[in-house]
Each structure stands twice: as C-alpha cells, then as structure tokens.
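The values are calculated or read from the model by the stated rules, or taken from the named source; none is laboratory data. What you are looking at is a predicted structure, and each value in this text was computed from that prediction instead of being measured. Cβ atoms come from the backbone with ideal geometry, glycine included; neighbour counts cover every protein chain shown.
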Amino acid sequence: MAQSDAILARLGKLHPKVIDLSLGRITRLLEKLGNPHLSLPPVIHIAGTNGKGSTLAYLRAIYEAAGLRVHCSTSPHLVKFHERITLAGNMISEDALCDLLTEVETVNNNESITFFEITQAAAFLAFSRVPADVLLLETGLGGRVDASNVLEKPAATVITPISLDHQGFLGDTIAKIAFEKAGIMKHGVPCITAPQSLEAFNTLACHANSISAPIFNDFEITKEDDDGFTLRIGTENIDLPHPALPGRHQYTNAATAIATVRKAAVPGCDGMDVDILARGLTTARWPARLQKLTTGPLCDALPDDCELILDGGHNIAAAEAIADWLSRQPAGDTVVIMGMLDNRDATAFLKPIAPHITAFAGVPIPGEHQDHKPETLRDAALACDITPAFSCDGFDTALASLLHSSPDPKRVLILGSLYLAGLILENHG
C-alpha cells in the first residue's frame with residue numbers, strides 16, 4: 001500500500017455520520033489553510049450529469065494545444081487517487097500528494113469533514129502553489145453546495161447535459177437537479193450550457209437571470225460527414241475534424257468545450273485559432289468512455305477480431321449514449337459484462353441497450369459491498385428480454401459463459417460502474 005493510501009484511509013474516517021451538504025466545513029478548513037482558493041489561475045467550473053469529464057478533457061487538450069499550462073481537478077479516480085489532481089499538465093506525484101494530505105490533515109485537527117471536502121481543500125492548496133494559466137475544476141456532486149463551489153469569480157461556468165442521477169441528494173425531478181447544478185453560476189460570469197431539455201434549460205435560465213449571469217447556448221452542430229463536422233457559434237461557422245472520443249454524444253461535449261474557449265476570459269485565448277481547436281479535439285483522452293482496450297488477460301482470451309470496450313456510464317443518459325453508439329457499429333454479436341452499485345436502477349439502465357445485446361453476464365464488483373448481486377443483474381437483463389443472461393462470480397467465468405453462448409462476438413462491452421472500470425484498467429490500462 002502506498003503511503004498516500006494510508007493517509008486517505010485516515011481522512012475517510014473523519015466523514016460525518018450524516019452528510020448535510022453544505023459549504024461550512026470546507027470554508028472553515030480553507031480559511032485555516034490561508035484561503036488558497038483565492039489564489040488560483042483563471043478557473044473554468046464545470047457541472048452537469050453526463051459529459052463533465054469528457055468536456056474537461058477537450059478543454060484541457062485545446063488549451064494545451066495552445067501552449068497553456070493546465071491544472072485539472074476531477075473525480076472520481078479510476079485506478080489511483082492521484083488522477084484527481086493534475087498540476088500544469090502532470091498528475092501529482094506520490095511525494096507531493098502525501099505532503100499535501102498530511103498538511104490538510106494536521107490543520108483540520110480531526111474535525112468532522114467529508115472525504116471529498118478535505119481532499120478538495122488539498123487540491124486547492126496544490127493549485128495555488130504551482131503556476132498555471134488555467135484551472136479546469138469539475139464538481140463532485142451537484143453544484144450549489146458542492147465542495148468545489150467556493151470561488152468568488154471564475155472565468156466561466158459550464159453546465160453539461162442534465163438528467164436524473166443522485167436523486168437522493170439532488171432531488172427527484174430534472175428541475176430540482178438543474179437548480180442544484182445552476183448553483184455554480186456567478187454574477188457577471190458567463191455560463192456556457194450544453195443542449196438541455198426544456199425543463200432543465202428553463203431552470204438554468206431562470207437562475208442565471210436572477211443573479212445576472214449571462215448564459216450562452218447559441219451553438220449547434222449544423223453538418224456532419226466523413227471529413228468531420230461544422231459547428232455554428234453565433235454567426236460563425238467552424239469546420240472541425242471528428243472528436244477523438246467515440247460516440248455521437250462526444251460531438252456535444254466537444255462543441256461545449258469550444259464554445260467555452262470562445263467565451264471564457266482566459267488570457268492568451270481570445271479567438272482561438274481553428275487549427276488549435278482541431279488539434280485539441282483529435283488529441284483529447286478520457287478513459288472508460290467507450291474505450292477500446294487492446295492489452296491484458298481479457299483481451300488475450302477473446303477470439304480474433306473481437307473488440308473489448310469499457311464504459312463507466314451508470315445512468316439512463318449514459319445508457320442511451322451507449323445504445324446510440326451500438327446502433328452505428330458494424331453488424332455482429334455484442335455481449336455485455338456488467339457490474340453496478342445497488343443504488344442504480346439496473347433495469348432502467350439496460351432498457352435502451354437491450355435491442356443491441358445478444359448475451360449478458362452480471363458480475364460482482366470486487367471489493368465493493370454495495371453492489372447489485374449478479375443474480376439481480378441477470379434478472380434485470382431477462383426483464384429487458386436479453387437472453388441468454390448469466391449470473392457469474394467474476395470476469396473469467398462471465399467471459400467463458402458469453403463465449404459459449406456466442407462463440408464469435410464482434411465486441412464485448414464491460415459496463416455499469418466507474419468502480420468496475422477502474423478495476424479493469426488496473427490490468428488493461
């Protein structure tokens with residue numbers, strides 16, 4: 001176990017017995033640390049249900065293509081915690097992370113605080129000490145009372161597509177969830193919003209109007225062909241190559257990132273050159289989003305010409321994006337291995353994907369005690385008319401069962417959980 005793992009385990013024990021989402025705890029800790037969040041480079045603050053990470057990945061790639069030093073704050077991590085903190089283009093080192101975590105642990109002095117709050121404070125401390133030109137800051141949960149929402153005046157805020165997720169914390173309607181996401185908006189700061197449902201956009205627009213935050217959604221994809229796509233922003237038409245990340249939903253994420261670059265007040269980025277935008281779109285990387293894996297034991301066990309695809313999506317909007325991607329793939333059997341946390345609706349998730357699946361295997365998530373039983377996942381698949389469907393105790397037995405029923409599949413998809421995706425990437429990264 002790395003030293004940082006031991007420190008993170010101690011910090012996890014400070015977690016309140018009942019989570020009351022508020023900014024009080026992190027604000028007090030940041031004050032004790034000297035308010036590092038007030039000494040940051042220009043910040044682009046990103047909230048939304050789906051596409052936050054991919055939009056951030058496009059922004060990072062574009063800014064780095066322009067020669068800027070980019071900090072990134074993301075969550076959750078897939079393989080190791082260090083992924084959450086990128087300093088001027090580099091993932092934080094083990095020594096630097098240990099020093100930061102020890103510092104915030106000492107200053108916090110055993111006060112009750114959530115894991116995300118204390119680690120976000122550590123991230124702000126890191127970002128304040130390493131020079132950079134821009135910080136891309138992703139919310140953890142919601143926006144209004146998210147621990148990242150302590151900035152007085154970011155350069156821009158971004159709201160990616162909003163759908164139902166985390167209803168126990170954010171509300172049981174799109175309007176309620178949109179209100180929480182809208183909480184990152186600030187007076188006079190441009191907010192770029194991806195295409196939204198009418199209910200979500202009305203909520204966002206109402207909140208923006210109430211605090212005098214200019215809201216921008218005047219961009220759309222007007223053409224797509226084999227060479228790329230055309231993005232209209234206001235009256236400007238920009239011809240661009242296809243985004244690097246697979247799936248039609250990535251055009252929305254890429255377009256949102258480009259619109260943000262056009263609107264955000266980041267020095268040195270006015271009217272970003274189209275060649276730089278194009279280079280950013282084609283070099284962006286974001287793991288576990290319809291990611292094709294090419295090495296590792298599961299790949300070795302597949303038949304020739306069979307792809308292994310990994311996606312960590314776990315809500316209905318993600319399932320719809322995966323289903324759309326599947327509908328556009330070459331003909332051939334698609335089989336699925338799925339693990340999922342038990343606070344997710346497995347049947348609702350599988351319903352959009354079901355018409356494209358020829359066999360299914362439910363698996364547990366190793367080391368996770370709050371996951372659906374494989375039998376529950378199998379029953380969810382059967383309820384969606386996916387047959388055959390198996391319950392298996394692990395990846396090896398799942399793959400063996402699927403290949404027995406479908407000996408020559410075109411692709412194997414591993415779906416349902418970012419936690420599961422992280423475990424796969426440890427051996428197939």
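Can you tell me which residue among ALA6, ALA57, ALA88, ALA65 is without any contact (Cβ under 8 Å) to a residue 40 or more places away in the chain and either among the aliphatic types (A, V, I, L, M) or in the same structural domain as HIS249 (by TED's automatic domain parsing) (or both)?
ALA6
Among the residues of region 153-168, is there at least one that is of a type in the set (Ser, Thr, Tyr) and more than 17 Å from the chain's Cα centre (by Cα)? Reasoning before the result, please.
Residues of region 153-168 of a type in the set (Ser, Thr, Tyr): 157, 160, 163.
Retained after the next criterion (residues that are more than 17 Å from the chain's Cα centre (by Cα)): none.
No.
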Q) In this structure, is THR173 touching a residue at least 60 places away in the same chain (Cβ under 8 Å), in contact with a helix residue (DSSP H, G or I) (Cβ under 9 Å, 6 or more places away or on another chain) and in the same structural domain as GLU152 (by TED's automatic domain parsing)? A) no
(Q) Step by step: first the residues of region 208-230, then only those that are under 20 Å from ALA178 (Cα atoms) and aliphatic (A, V, I, L, M), then the one that is surrounded by the most Cβ atoms within 10 Å (Cβ to Cβ). Which residue is that? (A) ALA208
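Tell me, which strands (runs of 3 or more DSSP E) wholly within region 161-269 include 1 or more residues that are small (Gly, Ala, Ser), at pLDDT 90 or above and within 20 Å of ARG328 (Cβ to Cβ)?
Hits in region 161-269: 228-233.
Kindly indicate whether any position in region 366-388 is among the hydrophobic types (A, V, I, L, M, F, W, C), modelled with pLDDT of 95 or more, assigned to a loop (DSSP other than H, G, I, E, B) and closer than 18 Å to ALA421 by Cβ.
no
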Q: Would you check if there is a residue in region 115-127 being at negative phi and outside any helix (DSSP H, G or I)?
A: no
Q. If only one of GLU31, GLU103, GLU111 is of a type outside the set (Val, Ile, Thr), part of a loop (DSSP other than H, G, I, E, B) and more than 15 Å from TRP286 (Cα to Cα), which one is it?
A. GLU111
Q.
Residue under question is LEU402, and the condition is that it be part of a helix (DSSP H, G or I), modelled with pLDDT of 95 or more, closer than 11 Å to THR358 by Cα and in the same structural domain as VAL335 (by TED's automatic domain parsing); does it hold?
A. yes
Q | Only one of LEU350, LEU281, LEU326 that is part of a helix (DSSP H, G or I), in contact with a His (Cβ under 9 Å, 6 or more places away or on another chain), under 19 Å from LEU377 (Cβ atoms) and aliphatic (A, V, I, L, M) | A | LEU326
Q.
I need every pair where a residue in region 208-236 that is assigned by TED's automatic domain parsing to the domain that holds THR193 has its Cβ under 7 Å from the Cβ of a residue that is buried (at least 17 other Cβ atoms within 10 Å of the Cβ) and charged (D, E, K, R), sequence separation at least 6 or different chains.
A. ALA213/LYS186; PHE216/LYS263; ILE233/ARG262
Q: Select, from HIS71, HIS77, HIS45, the only residue that is under 19 Å from ALA126 (Cα atoms), in the same structural domain as VAL150 (by TED's automatic domain parsing) and assigned to a loop (DSSP other than H, G, I, E, B).
A: HIS77
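Evaluate region 271-287: report whether one residue or more is of a type in the set (S, T, N, Q) and at pLDDT below 95.
The answer is no; no qualifying residue exists.
If you scan region 375-429, which residues turn out to be of a type in the set (S, T, N, Q) and more than 16 Å from ASP345 (Cβ to Cβ)?
Of everything in region 375-429, those that are of a type in the set (S, T, N, Q) and more than 16 Å from ASP345 (Cβ to Cβ) turn out to be THR387, SER391, THR397, SER401, SER405, SER406, ASN427.
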Q.
I'd like the full set of residues that are farther than 11 Å from GLY247 by Cβ and crowded, with 18+ Cβ neighbours inside 10 Å, limited to region 318-332.
A. ALA319
Q | Candidates ALA318, ALA331, filtered to the one that is assigned by TED's automatic domain parsing to the domain that holds PRO297, aliphatic (A, V, I, L, M) and either assigned to a helix (DSSP H, G or I) or closer than 20 Å to THR49 by Cα (or both) | A | ALA318
